[in-house]
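Student: Okay, handing you the structure first.
The values are calculated or read from the model by the stated rules, or taken from the named source; none is laboratory data. The structure presented is a predicted model; accordingly, all values stated were derived computationally and were not measured. Neighbour counts are summed over all protein chains in view; Cβ atoms, including those assigned to glycine, are modelled from backbone coordinates with ideal geometry. Just the protein is used for accessible areas: all its heavy atoms, side chains included, with ligands, DNA and RNA removed. Shrake-Rupley method; radii C 1.70, N 1.55, O 1.52, S 1.80 Å.
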Amino acid sequence: MGRRMSTPFISLTATHNPHRWYLPLEDSLCVGPPQRSFMFGGVGLAAAIQAMERTCERPVIWATAQYLSFARPPSVVDLDVWVPAHGHNTSQARVIGHVGDKEIFTVNAALGRRPSDISHQWVQAPEVPAPEDCPPAEHWRGDDGGLHSRIELRNIHGRYGDQRKGGEVSPDGRLILWMRPRGDHPIDASMLAIFADHVPSGIGAALGKDAGGNSLDNTIRIVRLAPTDWVLCDISIHAVHGGFGHGAMRLFTRDGLLLATASQSAIVRMHDESRREGG
């Protein structure tokens, strides 16, 4: 079931300061139309998770990102890690991601591990076909060479990509996808953070329109990391009102183990509008 995985999806570069890291922003980490592309929000959260885990030498428990501005290639994103509390089992940390003096995102998180034999899962994965039995799903823009080209999707339930155009409002607001990275990359906490930032993809599916969103935040809660070659991403859009959408995702292994939960709020964009504004 598990593929041999070795190379991180995102590679941070260390500095002489163990609390500072940097990320050269390549097109493969960005989304959006040519000449106006920008860093995918989940990349910022994923990079911050990596930076905090490597600085604190502990796994992330939860992390929440607030997105403040766009970072565009070929800029370099600096990540400064602050650890105001470091206990026996848990650390509380913060990352500020910036390009020069311009703050792009802020991430707050808790990291740690406690010894315990108690393990139970109440949330169950939906019964779905195996990824091999589901049709491939292509992003509406294509994004050749961009981040979306590095993630393989299989559509299970709901409308993705061009299927959303001219549809009706979804009765349940759900979009269920299989996801995996293309290439030899581990499905770790930072990879799950990138998958989790696909919650706004469910907005167009829920509305039955060629629509999506710009993330205002991204919160992920890691339950466990377990070997899997595909991740089942169950997206639920809760509501769209006043120009904003709100939704959540549950992420499971192929065998139904709950890996993480995530939630987001986003600015709702019709894609004609987003092309004009670069969203």
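Student: Between Glu132 and Ser28, take the C-beta separation as r, use R0 = 41 Å, and let me know the FRET efficiency to the nearest 0.05. It would help to have the intermediate numbers written out before the result.
Tutor: Values: r = 26 Å, r/R0 = 0.64.
Here the calculated transfer efficiency is 0.95.
Student: Using mean Cβ contacts within 10 Å as the protection proxy, how do 33-39, 172-178, 86-92 order, highest first? Please list the in-between numbers first.
Tutor: On the way: 33-39: 16.7, 172-178: 21.7, 86-92: 12.7.
The peptides rank, most packed first, as 172-178, 33-39, 86-92.
Student: State the Cα centre-to-centre distance between segment 171-226 and segment 30-76 in whole Å.
Tutor: Going from one Cα centre to the other spans 15 Å.
Student: In the chain, with Lys and Arg counted as +1 and Asp and Glu as -1 at Cβ, which of these residues, Gly87, Gly256, Tyr160, has the Cα nearest the positive end of the dipole, that is, farthest along it?
Tutor: Gly87
Student: Tell me whether segment 99-138 comes out rounded, prolate or oblate; compute the Cα gyration tensor, take square roots of the eigenvalues as a ≥ b ≥ c, and use a/c under 1.5 as the rounded threshold.
Tutor: It comes out oblate by the Cα gyration axes.
Student: From the Cα gyration tensor of segment 16-153, with a ≥ b ≥ c the square roots of its eigenvalues, which class applies: rounded if a/c is under 1.5, or else prolate if a/b is larger than b/c, or else oblate?
Tutor: Judged from the Cα gyration tensor, segment 16-153 comes out oblate (a/c at least 1.5, b/c at or above a/b).
Student: Something else: Could you run the Karplus curve 6.51 cos²θ - 1.76 cosθ + 1.60 with θ = phi - 60° over segment 43-54 and give me ³J(HN,Hα) per residue in whole Hz, x for Gly and Pro?
Tutor: These are the phi-based 3J(HN,Hα) values: 5, x, 5, 4, 5, 5, 4, 4, 4, 5, 5, 6 Hz.
Student: Through the Karplus equation 6.51 cos²θ - 1.76 cosθ + 1.60, θ set to phi - 60°, convert the phi angles of segment 209-221 into ³J(HN,Hα) values in whole Hz; use x for Gly and Pro.
Tutor: 9, 6, 9, x, x, 9, 5, 8, 8, 7, 10, 10, 10
Student: With N residues in segment 155-279, what two-decimal value do you get for its Cα radius of gyration over 2.2 N^0.38 Å?
Tutor: Rg over 2.2 N^0.38 Å, computed on Cα atoms: 1.04.
Student: Ignoring ligands, DNA and RNA, please state the percent of accessible area on segment 42-141 from carbon and sulfur, probe 1.4 Å. Don't jump to the answer; show the numbers that get you there.
Tutor: Numbers: 2830 of 5550 Å².
In segment 42-141, the share of accessible area belonging to carbon and sulfur is 51 percent.
Student: Hey, another quick one. Taking the Cα-to-Cβ direction at Arg114 and at Arg150 and moving 7 Å from each Cα, how far apart do the two end points lie in nm?
Tutor: Output for this residue pair reads 3.5 nm.
Student: Which shape class applies to segment 112-206: rounded if a/c is under 1.5, otherwise prolate when a/b exceeds b/c and oblate if not, where a ≥ b ≥ c are the square roots of the Cα gyration tensor eigenvalues?
Tutor: Judged from the Cα gyration tensor, segment 112-206 comes out oblate (a/c at least 1.5, b/c at or above a/b).
Student: Can you pull the accessible area of Tyr67 for me, 1.4 Å probe, Å² to the nearest 10?
Tutor: In the full protein context, Tyr67 sits at about 40 Å².
Student: Given a 1.4 Å probe, how much area per residue of segment 114-267 is accessible, in Å²?
Tutor: Values: 6900 Å² over 154 residues.
Heavy-atom accessible area per residue stands at 45 Å².
Student: Once every DSSP H run of n ≥ 4 in the chain is given -39500 (n - 2.57) and the sum is divided by its residues, what mean residue ellipticity at 222 nm do you get, rounded to the nearest 500 deg cm²/dmol?
Tutor: That comes out to -4000 deg cm²/dmol.
Student: Ranked from the most accessible area to the least, with a 1.4 Å probe and all protein chains present, what is the order of Ile10, Ile96? Walk me through the numbers on the way to the answer.
Tutor: Details: Ile10 5, Ile96 50 Å².
The residues order as Ile96, Ile10, largest area first.
Student: Assign unit charges at the C-beta atoms only (+1 for Lys and Arg, -1 for Asp and Glu), then state the dipole size of segment 68-195 relative to its Cα centre in Debye, rounded to the nearest 20. Intermediate values should be presented prior to the final figure.
Tutor: Details: 14 positive and 17 negative charges, 45 e Å.
Using Cβ point charges on Lys, Arg, Asp and Glu, segment 68-195 gives about 220 debye.
Student: Asp217's amide H: which non-local residues (gap 5+, or another chain) put their own amide H closer than 5 Å, with H modeled 1.01 Å from N in plane and none for Pro or chain starts?
Tutor: Here the answer is Tyr67, Ser265, since their amide H atoms fall under 5 Å of that of Asp217.
Student: Still on this structure: Residue by residue through segment 109-115, which ³J(HN,Hα) values in whole Hz follow from phi under the Karplus form 6.51 cos²θ - 1.76 cosθ + 1.60 (θ = phi - 60°), with glycine and proline marked x?
Tutor: 7, 10, 10, x, 7, 10, x
Student: What is the Cα convex hull volume of the chain when expressed per residue in Å³? Intermediate values should be presented prior to the final figure.
Tutor: On the way: hull volume 37.5 nm³, N = 279.
In the chain, the Cα hull volume divided by residue count equals 134 Å³.
Student: Full-extension gain between Thr7 and Arg36, please, as 0.36 nm times their residue separation minus the C-alpha to C-alpha distance.
Tutor: Working: separation 29, 0.36 × 29 = 10.44 nm, distance 2.81 nm.
That pair, Thr7 and Arg36, stretches by 7.6 nm at full extension.
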